Amino acid sequence: MPSLEAVEPDFANTASRTVVVERTIDATPSDLWSIIADNVGWPAWFPGMKRCDTTSAMATGVGATRTVKVGALEAEERFVAWDAPRVWAFCVTRTNIPIASKMYEQLELEPADGGTLVRYTGAFEPHRLNRLVFGLIEKNVRGAWTKGLDGLAARAEST
């Protein structure tokens, strides 16, 4: 699998491309955090995710790693922010599909009227082979994350 350049949370402020999806969910930040921090539980609520496995000795926290399979994409991820129950973020370190040379994803949980505002932010440096079609990739990412937040809301309502 091709390697990506590892990044830290400040990459979200300097990336050439970003995608942001938000939704207010009727649950507390702590309730949502327990769902988000459960790696193996992601396929139950994130549409298209076929598996999510912890690959490090520690399952949670900065430095922990996991692998995911979403559709045809397989990715290795390393957590770079873990501030329960507010900020959860990782950088992608390897993928089987050359989407980007740098990739970062972050979930922020903020108390809001009637629940929690969940903000899903992705920061990307498109791979040179994808620069011309990255708009289509962004559209697909936005749609997947919107469905993911819908799934997170449904999971929170059912627990």
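The values are calculated or read from the model by the stated rules, or taken from the named source; none is laboratory data. Only a predicted model underlies this, so the values are computations on that prediction, with no experimental measurement involved. Using ideal geometry, Cβ is built from the backbone for each residue, glycine included, and neighbour counts are taken over all protein chains shown.
Quick one: which of 72, 81 is surrounded by fewer than 16 Cβ atoms within 10 Å (Cβ to Cβ) and of a type in the set (Gly, Ala, Ser)? If you could, list the steps in order and put the result at the bottom.
Working: 81 fails: surrounded by fewer than 16 Cβ atoms within 10 Å (Cβ to Cβ).
One residue alone meets the criteria, 72.
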Positions within region 84-97 being within 21 Å of residue 48 (Cα to Cα) and free of Cβ contacts under 8 Å to residues at least 60 places away in the same chain, in sequence order: 88, 90, 97
When region 66-94 is checked residue by residue, the ones that are modelled with pLDDT of 95 or more and either among the hydroxyl-bearing types (Ser, Thr, Tyr) or out of contact with any strand residue (DSSP E or B) (no Cβ under 8 Å at 6 or more places or on another chain) (or both) are 67, 83, 84, 93
So residue 149 passes all but one of these: (1) at pLDDT 95 or above; (2) surrounded by 16 or more Cβ atoms within 10 Å (Cβ to Cβ); (3) assigned to a strand (DSSP E or B). Which condition number does it fail? (3)
Identify, please: which residue in region 54-74 is out of contact with any Lys or Arg (no Cβ under 6 Å at 6 or more places or on another chain) and of a type in the set (D, E, K, R) and is, among those, nearest to residue 37 (Cα to Cα)? 66
Give 81, 100, 15 a once-over and let me know the one that is closer than 20 Å to residue 119 by Cα, touching a residue at least 24 places away in the same chain (Cβ under 8 Å) and in contact with a helix residue (DSSP H, G or I) (Cβ under 9 Å, 6 or more places away or on another chain). 81
Requiring at least 1 residues that are of a type in the set (Val, Ile, Thr), the strands (runs of 3 or more DSSP E) wholly within region 33-128 are 49-54, 65-70, 73-83, 87-95, 115-126
Qualifying residue in region 129-140 (condition: under 15 Å from residue 18 (Cα atoms), touching a strand residue (DSSP E or B) at 6+ places or on another chain (Cβ under 6 Å) and outside any loop (DSSP other than H, G, I, E, B)): yes
Report, by residue number, each residue of region 103-129 that is touching a helix residue (DSSP H, G or I) at 6+ places or on another chain (Cβ under 8 Å), buried (at least 19 other Cβ atoms within 10 Å of the Cβ) and of a type outside the set (Ser, Thr, Tyr). 106, 107, 109, 118, 122, 123, 124, 126
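Can you work out which of the residues in region 1-32 that are assigned to a strand (DSSP E or B) and of a type in the set (A, V, I, L, M, F, W, C) is farthest from residue 121 (Cα to Cα)? Spell out the reasoning first.
Here is the first cut: in region 1-32, the ones assigned to a strand (DSSP E or B) are 3, 17-25.
Okay, now just the ones that are also of a type in the set (A, V, I, L, M, F, W, C), so 19-21, 25.
On the way: 19: 6, 20: 4, 21: 7, 25: 16 Å.
By that ranking, first place goes to 25.
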Filtering region 101-122 for residues that are of a type in the set (A, V, I, L, M) and within 16 Å of residue 68 (Cα to Cα) leaves a count of 1
